[in-house]
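J.: Structure incoming, see below.
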Amino acid sequence: MGLCTRARQNRLALDVLLAVFFVLLDTVCTLAGTSWWPAHPSTLAWAMLAVQGLADASLVFRRRAPMLVIAILGGFTLVISLLISPAGLITPENAGNLWAPYGTVLAAYGPFYYRRDRRAAFAAVGTLTLIVARVWEPSASVIMIGVLRTAVGPLLALYFTARHEVLQGLRDRAERAEQERYLLAEQARAEERARLAGEMHDVVTHRVSLMVLQAGALGITATDEATRQAAEELRAAGCQALDELRDLVGILRTEPESDPTPSTSGLPALIAESTAVGTPAELAEDGDPALASPVVGRTAYRIVREALTNGRKHAPGAHVLVQVGYGQSQVMIVVSNGPAPRSADSELSATGSGLGLVGLRQRVELMHGTLRAGPAPDGGFRLEAVLPAYVPTAEPANYTERAAEQPTPAARPA
């Protein structure tokens, strides 16, 4: 299960608990006479108490539809106010109370925190305030308490929104500063490579050129054929050394090529390739792949590729499920397969250097992540990796990439 899915489930559970809390709070407070409850309740009063509970229950949707929740609670408050006056169908025991349920406090919070349209939020909360304060029946205490009840939520929402934006800005600045630091370090390394290459070229070329010239002169002035032949061979070897040195210096002065390994966008192709060769595979992605930085995306691709390779070797024909969850701070990768429907090819299983998972584990640990692999309870095999969502492109851990490229036979499924 992905990190984003778990986060959504946690938020939904919190909203359900809050809705239940306000249903109970408003029901108890209403029956205690702190709201619109009459001294001698009628069938209509009991029905409206049930409707109030349903209105509070709409708080479950306060994140996805905050304007709808405002409309439901505001509509209930308006209806109960009209039933009291001018309809006179309900006579409250305490006429100076607010008729609005306490759920309006949380409802007024939503439009400012979960919607970008501040104009619509102010309009919705302003309308709710007019209804809660019963401005058509002016009362200083009712208006004051009603305004306070509907203002607390927006003020908290504005505070938390501003706080979130400030923290996000600080995180972005820290990430940019870290990336710039690595880029500057990479630029300094490239400049140092070029400087060393130039110095090596100047020093070695000077000495070897002298050797070539002296060998050429010796070949001309030598009196015997053997000496001339040795001098010519020495001159030719020196010229070849100069050519090879020029090529080597050109390589050192060239910037390293970018990593050709695909990122998370290449995962569907891996799944299709595996299915095409007889190992059915399924990819389940949760969250936004853009949350993973390039280094993390390439590492995720290598992990999935290695796991699929091991599955084809040791569990031919077994169904492989690849789950990738992209979160704000972590990327979780889970690759699992069931028991092999047929025995594995012993020659194919014996191929590989046995360093693939070792290299991947080193890479993941250098990125401050974790990797676990082992038999699953159902007789299959399971690999689980947790990576940080952001690692700078010039991360020093890149020296392990060659080791991670080596294939390995994963532990054979039970």
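J.: Once the dipole of segment 1-72 is set up with Lys and Arg at +1 and Asp and Glu at -1 on Cβ about the Cα centre, which of 45, 20, 65 lies farthest towards its positive end?
T.: Most positive-ward Cα: 65.
J.: So for the pair residue 366, residue 136, with labels modelled 7 Å out along Cα→Cβ, what separation do we get in nm?
T.: Once both label points are built, they end up 7.3 nm from each other.
J.: Please give the peptides 86-92, 135-141 ranked by average Cβ packing (other Cβ atoms within 10 Å per residue), highest first, as a rough proxy for protection.
T.: So the order, starting with the most tightly packed, is 86-92, 135-141.
J.: Based on Cβ point charges of +1 for Lys and Arg and -1 for Asp and Glu, what charge dipole magnitude is obtained for segment 1-156 about its Cα centre, in debye rounded to the nearest 20?
T.: For segment 1-156, the charge dipole is close to 840 debye.
J.: Using the heavy atoms of the protein chains alone and a 1.4 angstrom probe, what is the accessible area of segment 81-147 per residue in square angstrom?
T.: Solvent-accessible surface per residue comes out at 51 Å².
J.: What is the gain in length, in nm to one decimal, between residue 174 and residue 116 on full extension, counting 0.36 nm per residue of separation less the C-alpha to C-alpha distance?
T.: 18.3 nm
J.: Just reorder 28, 20, 324 by solvent-accessible area, largest first, 1.4 Å probe, all chains present.
T.: 28, 20, 324
J.: Just the accessible area for residue 117, please: 1.4 Å probe, Å², rounded to the nearest 10?
T.: It works out to around 70 Å².
J.: OK, next. How large is the accessible surface of residue 165 in square angstrom, using a 1.4 angstrom probe and rounding to the nearest 10?
T.: Rounded to the nearest 10, the figure is 100 Å².
J.: Take the alpha carbon atoms of segment 71-97, find their center, do the same for segment 356-385, and report the distance between the two centers in whole angstrom.
T.: 62
J.: Suppose R0 equals 30 Å; then what is the FRET efficiency for residue 164 and residue 25 from their Cβ-Cβ distance, rounded to the nearest 0.05?
T.: 0.65
J.: Still on this structure, I have one more. Given the whole protein assembly as supplied and a 1.4 Å probe, what does the accessible area of residue 99 come to in Å², nearest 10?
T.: Solvent-accessible area, nearest 10 Å²: 10 Å².
J.: Ok, one more. For residue 286, list long-range residues whose amide hydrogen, built 1.01 Å from N in the peptide plane, is under 5 Å from its own amide hydrogen.
T.: Here the answer is 324, 325, 326, since their amide H atoms fall under 5 Å of that of residue 286.
J.: Next question. Cα extents of segment 1-148 along the three principal axes, largest first, in whole Å?
T.: Cα extents, longest axis first: 54, 32, 21 Å.
J.: Also, quick follow-up: Work out from phi, with θ = phi - 60° and the Karplus expression 6.51 cos²θ - 1.76 cosθ + 1.60, the ³J(HN,Hα) of each residue of segment 44-55, listed in order in whole Hz, and give x for Gly and Pro.
T.: Running phi through 6.51 cos²θ - 1.76 cosθ + 1.60 with θ = phi - 60° gives 4, 5, 5, 5, 5, 5, 5, 5, 4, x, 5, 4 Hz.
J.: In debye, nearest 20, what is the charge dipole magnitude of segment 146-245 about its Cα centre with +1 on Lys and Arg Cβ and -1 on Asp and Glu Cβ, if you could check?
T.: Result for segment 146-245 is approximately 960 debye, rounded to the nearest 20.
J.: Expressed in nm to one decimal, what extension gain is obtained for the pair residue 16 and residue 64 from 0.36 nm per residue of sequence separation less their Cα-Cα distance?
T.: 16.0 nm
J.: Expressed as a whole percentage, what fraction of the accessible surface of segment 90-205 belongs to carbon and sulfur atoms when a 1.4 Å probe is rolled over the protein heavy atoms?
T.: Carbon and sulfur: 62 percent of the exposed surface of segment 90-205.
J.: Right, something else. Hey, if we sort 218, 242 by accessible area with the 1.4 Å probe, largest down, what's the order?
T.: Final ranking, largest accessible area leading: 218, 242.
J.: Nearest 20 debye, what's the magnitude of the dipole of segment 125-184 about its Cα centre given +1 on Lys and Arg Cβ and -1 on Asp and Glu Cβ?
T.: Around 120 debye, computed over segment 125-184.
The values are calculated or read from the model by the stated rules, or taken from the named source; none is laboratory data. Predicted model, so just to flag it, every value in this text is computed and none were measured. Heads up, the Cβs are rebuilt from the backbone with ideal geometry, glycines too, and the neighbour counts pull from every protein chain shown. Ligands, DNA and RNA are excluded from the accessible area calculation, which covers all protein heavy atoms including side chains. Shrake-Rupley method; radii C 1.70, N 1.55, O 1.52, S 1.80 Å.
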